[in-house]
Amino acid sequence: MISRVVRGLLVGRFQPFHRGHLEVARRVRSERPDAPLLLGIGSAEQSYTWENPFTAGERFEMIERAVDEAHLGRIEIVPIPDIQRHALWVRYLEGLLPPFDRVYANNPLTTALFERAGYAVEHPALVERDRYEGAKIRGQLADDRGWREAVPPAVAHHLDELGAPGRLRLLRASGPAPSRPTPP
């Protein structure tokens, strides 16, 4: 008899992948050490905007490096392009991804969509949300101040390789002005 491997699914944009994301992944893995965790890179087709400054490949690399550095074990990283059709999204993911049996989400719409489709949805506690929040970290990157403490060391190294502070400054200057975070 072939046993079916079960997985949990955690979807995020990971713009960038920060210490809060890493801690949530660590907690999920510790609760289910025998089950792989799928980390779905949401909005995979978007990049070079203030909200989504990094490509799916760059985010994949951030996650892979951070997971390896933290020795988290069985994590499978998958890009998930948007389809802009909420009613079809869960079925789309079922066709796109390996089998998963539960979802980790804090977004109310994501929760509703998966619960409607019959999935167990768990709500992992957010880790220091005031400190580890993507928009705030993007602002810190643009100012090249305070962001290194918010991301795992392997991600900081990757962001340096990408010239991320310069990219975020460019995106802030060229697009609709985001609200600037309060300095630390």
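Being touching a His at 6+ places or on another chain (Cβ under 8 Å) and either touching a residue at least 40 places away in the same chain (Cβ under 8 Å) or of a type outside the set (S, T, Y) (or both) is the filter; apply it to segment 85-132 and report the residue that is surrounded by the fewest Cβ atoms within 10 Å (Cβ to Cβ). Give the derivation first.
Keep residues of segment 85-132 that are touching a His at 6+ places or on another chain (Cβ under 8 Å), which gives 104-106, 109, 111, 113, 132.
Right, trim to either touching a residue at least 40 places away in the same chain (Cβ under 8 Å) or of a type outside the set (S, T, Y) (or both) and you get 104-106, 109, 113, 132.
Values: Y104: 24, A105: 22, N106: 15, L109: 10, L113: 21, Y132: 20.
Checking each candidate, the answer is L109.
Within segment 74-83, is there a residue that is within 14 Å of the chain's Cα centre (by Cα), of a type in the set (A, V, I, L, M) and part of a helix (DSSP H, G or I)?
No, because not a single residue in segment 74-83 is within 14 Å of the chain's Cα centre (by Cα), of a type in the set (A, V, I, L, M) and part of a helix (DSSP H, G or I).
Look at segment 2-41 and say how many of its residues are in contact with a helix residue (DSSP H, G or I) (Cβ under 9 Å, 6 or more places away or on another chain) and in a strand (DSSP E or B).
9
Of the conditions (1) at pLDDT 95 or above; (2) outside any helix (DSSP H, G or I), P98 satisfies every one except a single condition; which number is it?
Result: P98 passes all but (1).
For the structure I just gave you, tell me whether G166 is more than 24 Å from R26 (Cα to Cα), surrounded by fewer than 17 Cβ atoms within 10 Å (Cβ to Cβ) and touching an Asp or Glu at 6+ places or on another chain (Cβ under 9 Å).
Numbers: more than 24 Å from R26 (Cα to Cα): yes; surrounded by fewer than 17 Cβ atoms within 10 Å (Cβ to Cβ): yes; touching an Asp or Glu at 6+ places or on another chain (Cβ under 9 Å): yes.
Yes; evaluated as a whole, the condition is true for this residue.
Might you let me know whether segment 47-61 holds any residue that is in contact with a Gly (Cβ under 8 Å, 6 or more places away or on another chain) and among the hydroxyl-bearing types (S, T, Y)? Reasoning before the result, please.
Step one: of segment 47-61, the residues in contact with a Gly (Cβ under 8 Å, 6 or more places away or on another chain) are 49-50.
Checking the rest, the ones that are also among the hydroxyl-bearing types (S, T, Y) come to 49.
So far as segment 47-61 goes, yes, one or more of its residues are in contact with a Gly (Cβ under 8 Å, 6 or more places away or on another chain) and among the hydroxyl-bearing types (S, T, Y).
The values are calculated or read from the model by the stated rules, or taken from the named source; none is laboratory data. Small disclaimer: the values here were computed from a predicted structure and weren't measured. Heads up, the Cβs are rebuilt from the backbone with ideal geometry, glycines too, and the neighbour counts pull from every protein chain shown.
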